[in-house]
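Worksheet: one structure, shown below.
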There are 2 protein chains.
Amino acid sequence: MQQVTTVNVNGLRAAARKGYAEWLADTGSDVVCLQEVRAEQDQLPVAVREPEGWHAVYAPSSAKGRAGVALLTRREPEAVRVGFGEPEFADAGRYAEVDLPGLTVASLYLPSGEVGTERQDEKERFMTAFLPYLTQLRQRCAADGREVLVCGDWNIAHREADLKNWRANRRSAGFLPEERAWLDRVLDPADGGYVDVVRAHHPEQAGPYSWWSYRGRAFDNDSGWRIDYAMATPGLADRAVKAYVERAASHAERWSDHAPVTVVFGP
Amino acid sequence: MQQVTTVNVNGLRAAARKGYAEWLADTGSDVVCLQEVRAEQDQLPVAVREPEGWHAVYAPSSAKGRAGVALLTRREPEAVRVGFGEPEFADAGRYAEVDLPGLTVASLYLPSGEVGTERQDEKERFMTAFLPYLTQLRQRCAADGREVLVCGDWNIAHREADLKNWRANRRSAGFLPEERAWLDRVLDPADGGYVDVVRAHHPEQAGPYSWWSYRGRAFDNDSGWRIDYAMATPGLADRAVKAYVERAASHAERWSDHAPVTVVFGP
DNA sequence: CGTTCGAAG
DNA sequence: CTTCTAACG
């Protein structure tokens, strides 16, 4: 059995002050992928940076206080890689991957974008460069006899079931037709070739959402978006026995605006 | 009996979240002078902006989130004036005055400065322009049969007894020889002609300090500065029966890095 | 609405 | 060390 969790922590220092450490101590996962760390390693308390029993890999952004991904693994990785080959995003704190026995796990933080801004152009450039990398990654790993799991905040809701208010958001960044079509390609067996493990295990239901705005009563009303995904190669997806979102019980115990997304694999 | 308090609130919104409102509800003062309000009127909750039983006058800075003085009076002022005639500081949120029967009260926030910077030059320009105004104010009010009380954060410790660590601070902004000499002139009977009411009532003691840095253990060690003054015309100073600093009992109940300074006048 | 930063104090 | 703003989300 192997268990992997991904969560956008929205500032690891703030999350650690609020309950992230307790959550981590309780998780049964073997790998935890973090996004929006928003700190350099040496800005983090040691117990947060290198929690007892974990190996940690950080890929901060060169822009202070922005983005930043990390991976925590119970076993030491066989290899670590930061970035995915596109120079523009080499030190953007948006992608890192580790090799474990028979498995490559990645932590991804796709730019969030905003319609009509340069940030949306950046998101599109990222998507354009990242899709061929995903295909290449799958092929390379297949040649090495590895499965692949790309976890993270993809900042796109794929289908109408993936956000509460899809009608109101048809022109919103994160649910644009071209973004949804891009995810179609990531999941297309003839293209990216990945499987959305949580959706595969919950084919019909609305959600389960993984992000709720801090504004208004979004969390209380479960007015969320499913934008955090575990995307697996088909062979790995077939081994998934469980896939779920850990929605906090109450607003009070939330330590991020995102919830952890976990997938459990059998042998 | 008439009682006037001055306090630098270091952000009225933050102070109001921490205990300012309770302090105000308990004060027996008739006039409260505030400095570093750091908000426009409409950024303040109504109960903070216009507390029940008070008239409020605000003089915000045109620079958002900076400076800002205010006066709260139990009786409606006969007149209100903002600024002291120097155009550079007209909307700097550093000076306002109100006329009450027989008394003009001002709230002053003198620039804080830092040696070797443009901010120190600004402080000096303020001082240069403000001293003649103080003299003029006293004379004008004398002609009207009014006493004057200029309260606020003057950002200068006058003498060695006015800060804990005077030796270490001989080259620090706030205790420079030229700044101390300027306060000498404010207090010189032949020049500004004002009386430092707290010092007049506590001629020998160290302090009482009115500001402690938030850094380190400054408050716990009473490593403070006396930079908040009530400067009175001599006739008014003669009527002072009490003058004191309300040092908070504990670090926990502080709602500003400054403490309220209060003077009580007899008939 | 919340997390950063940077300027200011 | 704390307050604010701005940018970002």
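I need the calculated FRET efficiency for the pair residue B:62 and residue A:168, taking r as the beta carbon distance and R₀ as 30 Å, to the nearest 0.05.
0.20
With a ≥ b ≥ c taken as the square roots of the eigenvalues of the C-alpha gyration tensor of the stretch A:24-111, please select rounded if a/c is under 1.5 and otherwise prolate if a/b is larger than b/c or oblate if it is not?
Oblate shape, in that a/c is at least 1.5 and b/c is the bigger or equal ratio.
What distance in nm separates the two pseudo spin-label positions at residue A:242 and residue B:185, each 7 Å out from Cα along the beta-carbon direction?
Those two pseudo-labels are separated by 7.8 nm.
Between copies, how close do the residue A:119 label points come, placed 7 Å along Cα→Cβ, listed in nm from shortest?
3.0
Any of B:64/B:242; A:18/B:18; A:64/A:164; A:64/B:123 with alpha carbons more than 26 Å apart? Name them for me.
Distance filter (> 26 Å) returns B:64/B:242; A:64/A:164; A:64/B:123.
Could you look at chain A and say what percent of its accessible area is carbon and sulfur, using a 1.4 Å probe and all protein chains?
47 percent
For the protein assembly as shown, what is the convex hull volume of the alpha-carbon atoms per residue, in Å³?
Hull volume over Cα atoms, normalised by residue count, gives 187 Å³.
Under the convention of a label 7 Å out along Cα→Cβ, give the distances in nm from residue B:82 to the same position in every other copy, shortest first.
For residue B:82, the other copies' label points sit at 5.0 nm, shortest first.
Provide the per-residue ³J(HN,Hα) series for the stretch B:161-178, in order, calculated from phi with Karplus coefficients 6.51, -1.76, 1.60 and θ = phi - 60°, each as a whole number of Hz, with x at glycine and proline positions.
Each residue of the stretch B:161-178 in turn: 6, 8, 8, 4, 10, 5, 4, 6, 10, 5, 10, 8, 4, x, 9, 6, x, 5 Hz.
Restricting the count to DSSP beta bridges whose residues both fall in the stretch B:16-174, what percent are antiparallel, rounded to a multiple of 5?
So the antiparallel bridges in the stretch B:16-174 amount to around 75 percent.
Exposed loop sites here are GluC sites (Glu not before Pro) in DSSP loop states with at most 16 other C-beta atoms within 10 Å. What is the longest stretch of chain B lacking them?
Longest site-free region, per DSSP loop and neighbour criteria: B:115-203.
Quick one: which residues, 5 or more positions from residue A:96 or on another chain, have an amide H under 5 Å from its amide H? H modelled 1.01 Å from N in the peptide plane, none for Pro or chain starts.
Placed amide hydrogens put A:83, A:107 under 5 Å from residue A:96.
Using only the Cα atoms of the stretch A:160-209, build the gyration tensor, take square roots of its eigenvalues as a ≥ b ≥ c, and label the shape rounded, prolate or oblate: rounded if a/c is under 1.5, else prolate if a/b is larger than b/c, else oblate.
The shape class here is oblate.
For chain A, can you list the cysteines whose C-beta has no other cysteine C-beta under 4.7 Å from it?
Within chain A, the cysteines lacking a partner Cβ under 4.7 Å are A:141.
Once you keep just the Cα pairs under 8 angstrom separated by 6 or more residues, what percentage relative contact order results for chain B?
Rounded, it is 20 percent for chain B.
Give the accessible surface of the stretch B:131-231 per residue, rounded to a whole number of Å², with probe radius 1.4 Å and ligands, DNA and RNA excluded.
I get 46 Å² per residue for this part.
So the label point sits 7 Å from Cα along the Cα-to-Cβ vector; using that for residue B:216, what distances do you get to the other copies, in nanometres, sorted shortest first?
Those label-point separations list as 5.0 nm.
With θ set to phi - 60°, apply the Karplus curve 6.51 cos²θ - 1.76 cosθ + 1.60 along the stretch B:210-221 and write out the HN-Hα couplings as whole Hz, x wherever there is a Gly or Pro.
Those phi angles translate into 10, 9, 10, 4, 6, 6, x, 10, 3, 5, 4, 8 Hz.
Nearest 5 is fine: what % of DSSP beta bridges in the protein assembly as shown come out antiparallel, could you say?
75 percent
Grab the DSSP H runs of the protein assembly as shown that are 4 residues or longer, score each as -39,500 (n - 2.57), total them, divide by all residues and round the 222 nm result to the nearest 500 deg cm²/dmol.
-7500 deg cm²/dmol
Looking at the square roots a ≥ b ≥ c of the eigenvalues of the Cα gyration tensor of chain B, which shape do they give, rounded for a/c under 1.5, prolate if a/b is larger than b/c, or oblate?
rounded
How large are Rg and Dmax for the stretch A:77-224 when only the alpha carbon atoms are used, in Å?
Here Rg and the maximum Cα pair distance are 16.1, 49 Å.
Do any trypsin sites (Lys or Arg not before Pro) in the stretch A:125-224 lie in a loop, going by DSSP, with at most 16 other beta-carbon atoms within 10 Å of their beta carbon, and if so which?
Here the trypsin sites (Lys or Arg not before Pro) that fit, given the DSSP loop and packing criteria, are A:159, A:167, A:170, A:171, A:215, A:217.
How much net charge surrounds residue A:197 when only the other residues with a Cβ under 11 Å from the Cβ of residue A:197 are counted, with Lys and Arg +1 and Asp and Glu -1?
+1
Only Cα pairs within less than 10 Å get springs; with that Gaussian network setup on chain B, which residue of B:15, B:143, B:106 has the largest fluctuation?
B:143
Calculate one ³J(HN,Hα) per residue across the stretch B:52-65 by plugging θ = phi - 60° into the Karplus curve 6.51 cos²θ - 1.76 cosθ + 1.60, and present them in order as whole Hz with x for glycine and proline.
Karplus values, whole Hz, x for Gly and Pro: 3, x, 10, 9, 10, 10, 10, 10, x, 7, 6, 8, 4, x.
Scan the stretch B:214-267 for chymotrypsin sites (Phe, Trp or Tyr not before Pro) in coil per DSSP, keeping those whose Cβ has at most 13 other Cβ atoms within 10 Å, and list them by number.
Answer by residue number: B:214.
Taking the Cα centroid of the stretch B:229-267 and of the stretch A:41-65, what is the distance between the two, rounded to the nearest whole Å?
49 Å
The values are calculated or read from the model by the stated rules, or taken from the named source; none is laboratory data. No experiment lies behind these values; they were computed from the predicted model shown. FYI the Cβ positions are ideal-geometry reconstructions off the backbone, even for glycines, and counts take in every protein chain you see. For accessibility, only protein heavy atoms count, side chains too; no ligands or nucleic acids. Shrake-Rupley method; radii C 1.70, N 1.55, O 1.52, S 1.80 Å.
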